[in-house]
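Enquirer: Sharing a structure, written as structure tokens. Questions coming.
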Amino acid sequence: MLKFNYKYAFEDAELKRYESKALEAFDTLTKKTGAGNDFLGWLRHPEMYDKDEFERIKKAALKIQKESEVLVVVGIGGSYLGAKAVIEALSDYFPLNKRTEIVFAGNTLSSTYMVELLKYLENKDFSVNVISKSGTTTEPAVAFRLLKELLIKKYGNEYVSRIYATTDKTKGALRVQANELRYESFIVPDDIGGRYSWFTAVGLLPIACAGVDIDKLMAGSLKAMNDCYVKDFSKNLALQYGASRNLLYNKEKEIEILVTYEPKLAYISEWWKQLFGESEGKDGKGIFPASLVYSTDLHSMGQFVQDGKRIMFETVLKIKEPKKDLLLKKEVSDLDGLNYLDSKPLSFVNDNAMMGTIFAHKDGNVPNLLIELDRIDEENIGYLLYFMMFSCGITCYMQGVNPFNQPGVESYKKNMFALLGKPGYEELAKKLNK
Ligand code: PA5
């Protein structure tokens, strides 16, 4: 299902030197002895998930599909990126069949975005899935309040049946609201943090509404879990990827660019950036995760990657079989000079652009790691996301950082609350205004 290749980055012997440290990190992660070990519910989630809630998610998705043209998913960070990534990866670029459209809100404070969204929804039947583990995050709370106002205006007392809340079992303002107003609700498990939660109700309800087969998605993540639990460095590719990142970091490669040649994977990269960025970027350490879509970005950032400051490596996400393909044909006049590609599939051109770029960047001292998936489908995407989370845990423990907290995110919040005039922040407000 997934292959990992480091031959365009370094020699076998170099990686071998990281084996024992990677195996130590494997024990720390799987025996749950490291920092943040109360957030390891995701590790065995593919087999331990709540099957009753899973069925309830499928039922709710059918109801939403039946009665809504649009589902608005309200959430930020880990509370929306997984759903957005999986839905984009598994949807057609130009869908021919009408289905419930999934749109996102609460991940920005842009007033223009909100005004245009409310206008767009005015004459459409819609439902809202509000997602917040803490139940207190400002961005989604503000968006939800505005959307609720429109729901009440359109549907009167019936509005409640169009709200689905995904939040903590007992704590937080959203839980209080869900209980009091009787929204249908789903649970974010206590021991699963936001960026590791795509395969709980957080991601699964919007993903199922988009028509994705969530059974197959879970099956893919279960397969990855079984492969990741093999304590053998020569076989465990998640260990090898985690160790490779450390090796390259120690060679002063401080930026990792996740590269895809399939634009619909761009949000998989966004999800991946949050996963690694929030997990690893702390205590003055960490690889800065970036992403590019080739060949589009070869005509912009390609110059920097080939020739700019030598501080990065690339991880190329290669897809073995494209979902769709077509053949190029000969033209009588050959004015564009492309007849040499006669009878070649377009994917052949894309694949060779990829190999040409890997060779060029390697020559330009940008090591390339390769992750190859068989195809883009539910099983492969489920596999990939679990694989990435496991590798992330390994890489962080190898660097001695806690992969499961995000203390840095709090700093902006305190200042924002003080500047907005939230009660309790008066002293800080005085300081900032001065
Ligand atoms: O990964 C994380 O923990 C964060 O990105 C959160 O998902 C994000 O801050 C949203 O938090 P919440 O779901 O509590 O609203």
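Enquirer: Name the single residue, out of those in segment 178-236 being basic (Lys, Arg) and at negative phi, that is least open to solvent (accessible area, probe 1.4 Å).
Expert: Across segment 178-236, the extreme among qualifying residues is Arg195.
Enquirer: Exactly one of (1) modelled with pLDDT of 95 or more; (2) within 28 Å of Lys153 (Cα to Cα); (3) touching a helix residue (DSSP H, G or I) at 6+ places or on another chain (Cβ under 6 Å) is unmet by Gly135. Its number?
Expert: Of everything listed in (1) modelled with pLDDT of 95 or more; (2) within 28 Å of Lys153 (Cα to Cα); (3) touching a helix residue (DSSP H, G or I) at 6+ places or on another chain (Cβ under 6 Å), Gly135 misses just condition (1).
Enquirer: Could you check segment 177-275 for helices (runs of 4 or more DSSP H) lying wholly inside it with 2 or more residues that are closer than 30 Å to Phe94 by Cα and either in contact (Cβ under 8 Å) with a residue 40 or more places away in the chain or over 15 Å from the mean Cα position of the chain (by Cα) (or both)?
Expert: Qualifying helices (runs of 4 or more DSSP H): 201-209, 214-228.
Enquirer: Does Thr108 qualify as being open to solvent by 30 Å² or more (accessible area, probe 1.4 Å) and part of a loop (DSSP other than H, G, I, E, B)?
Expert: yes
Enquirer: On to the next question. Looking at Arg56, Arg44 in this structure, which one is more than 16 Å from the ligand (Cβ to nearest atom), basic (Lys, Arg), within 16 Å of Met218 (Cα to Cα) and surrounded by 14 or more Cβ atoms within 10 Å (Cβ to Cβ)?
Expert: Of Arg56, Arg44, the one residue that is more than 16 Å from the ligand (Cβ to nearest atom), basic (Lys, Arg), within 16 Å of Met218 (Cα to Cα) and surrounded by 14 or more Cβ atoms within 10 Å (Cβ to Cβ) is Arg56.
Enquirer: Under 8 Å between Cβ atoms, at least 6 apart or on separate chains: pull out the pairs that start in segment 119-132 with a residue that is without any contact (Cβ under 8 Å) to a residue 24 or more places away in the chain and end on any residue that is open to solvent by less than 60 Å² (accessible area, probe 1.4 Å) and within 16 Å of the ligand (Cβ to nearest atom).
Expert: Once the first residue is without any contact (Cβ under 8 Å) to a residue 24 or more places away in the chain and sits in segment 119-132, no partner that is open to solvent by less than 60 Å² (accessible area, probe 1.4 Å) and within 16 Å of the ligand (Cβ to nearest atom) comes close enough.
Enquirer: Looking only at segment 121-138, how many residues end up being near the ligand (Cβ under 8 Å from one of its atoms) and either buried (at least 18 other Cβ atoms within 10 Å of the Cβ) or within 13 Å of Val72 (Cα to Cα) (or both)?
Expert: The qualifying residues number 5.
Enquirer: Give just the number: which of (1) over 29 Å from Phe233 (Cβ atoms); (2) open to solvent by 10 Å² or more (accessible area, probe 1.4 Å) does Asn402 not satisfy?
Expert: (1)
Enquirer: Okay, moving on. So which pairs qualify, if the first residue must be in segment 316-327 and over 13 Å from Ile381 (Cα atoms), the second must be among the hydroxyl-bearing types (Ser, Thr, Tyr), the Cβ gap must be under 7 Å, and the two must be at least 6 apart or on different chains?
Expert: Between residues of segment 316-327 that are over 13 Å from Ile381 (Cα atoms) and residues that are among the hydroxyl-bearing types (Ser, Thr, Tyr), the close pairs are Pro322/Ser347; Asp325/Ser347; Leu327/Ser343.
Enquirer: Among the residues of segment 396-410, write down those that are more than 13 Å from the ligand (Cβ to nearest atom) and assigned to a helix (DSSP H, G or I).
Expert: Of everything in segment 396-410, those that are more than 13 Å from the ligand (Cβ to nearest atom) and assigned to a helix (DSSP H, G or I) turn out to be Cys396, Tyr397, Met398, Gln399.
Enquirer: Right, something else. Test each condition in (1) within 22 Å of Val188 (Cβ to Cβ); (2) out of contact with any helix residue (DSSP H, G or I) (no Cβ under 6 Å at 6 or more places or on another chain); (3) more than 16 Å from the ligand (Cβ to nearest atom); (4) among the hydroxyl-bearing types (Ser, Thr, Tyr) for Tyr80 and report the one that comes out false.
Expert: Among (1) within 22 Å of Val188 (Cβ to Cβ); (2) out of contact with any helix residue (DSSP H, G or I) (no Cβ under 6 Å at 6 or more places or on another chain); (3) more than 16 Å from the ligand (Cβ to nearest atom); (4) among the hydroxyl-bearing types (Ser, Thr, Tyr), Tyr80 violates only (3).
Enquirer: Got a number for residues in segment 360-375 being in contact with a Phe, Trp or Tyr (Cβ under 8 Å, 6 or more places away or on another chain) and either open to solvent by 50 Å² or more (accessible area, probe 1.4 Å) or assigned to a loop (DSSP other than H, G, I, E, B) (or both)?
Expert: So the count comes out to 3.
Enquirer: Please pick out the residue among Lys285, Lys251, Lys264 that is farther than 17 Å from Met398 by Cα and not acidic (Asp, Glu).
Expert: Lys264 is the lone residue from the list that is farther than 17 Å from Met398 by Cα and not acidic (Asp, Glu).
The rows are residues; the columns are (1) in a helix (DSSP H, G or I); (2) of a type in the set (Val, Ile, Thr); (3) out of contact with any His (no Cβ under 8 Å at 6 or more places or on another chain); (4) under 21 Å from Thr260 (Cα atoms).
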position: Asp325; (1), (2), (3), (4): no, no, yes, yes
position: Lys330; (1), (2), (3), (4): no, no, yes, no
position: Ser333; (1), (2), (3), (4): no, no, yes, no
position: Asp336; (1), (2), (3), (4): no, no, yes, no
position: Phe348; (1), (2), (3), (4): yes, no, yes, yes
position: Met354; (1), (2), (3), (4): yes, no, yes, yes
position: Thr357; (1), (2), (3), (4): yes, yes, yes, yes
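Enquirer: Given the structure, is Leu90 among the aliphatic types (A, V, I, L, M), open to solvent by 20 Å² or more (accessible area, probe 1.4 Å) and more than 16 Å from the ligand (Cβ to nearest atom)?
Expert: yes
Enquirer: How about segment 376-399: which of its residues are closer than 18 Å to Leu222 by Cβ and either basic (Lys, Arg) or open to solvent by 10 Å² or more (accessible area, probe 1.4 Å) (or both)?
Expert: Of everything in segment 376-399, those that are closer than 18 Å to Leu222 by Cβ and either basic (Lys, Arg) or open to solvent by 10 Å² or more (accessible area, probe 1.4 Å) (or both) turn out to be Asp377, Glu378, Glu379, Tyr383.
Enquirer: Anything in segment 142-160 that is open to solvent by 50 Å² or more (accessible area, probe 1.4 Å) and within 16 Å of the ligand (Cβ to nearest atom)? List them, or say none.
Expert: Correct list: Val142, Arg145.
Enquirer: Looking at segment 291-314 only, could you name the residues that are in contact with a Phe, Trp or Tyr (Cβ under 8 Å, 6 or more places away or on another chain) and not hydrophobic (A, V, I, L, M, F, W, C)?
Expert: Across segment 291-314, the qualifying residues are Ser291, Tyr294, Ser295, Gly302.
Enquirer: Within the set of pairs 6 or more residues apart or between chains, which connect a residue that is open to solvent by less than 60 Å² (accessible area, probe 1.4 Å) inside segment 412-432 to a residue that is among the acidic types (Asp, Glu) with Cβ atoms less than 9 Å apart?
Expert: Every condition considered, the pairs that remain are Ala418/Glu426; Ala418/Glu427.
The values are calculated or read from the model by the stated rules, or taken from the named source; none is laboratory data. As the structure is a computational prediction, the values presented were derived from the model and not from experiment. Neighbour counts are summed over all protein chains in view; Cβ atoms, including those assigned to glycine, are modelled from backbone coordinates with ideal geometry. Note: accessible area is taken over every heavy atom of the protein model, side chains too, but ligands, DNA and RNA are not part of it. Shrake-Rupley method; radii C 1.70, N 1.55, O 1.52, S 1.80 Å.
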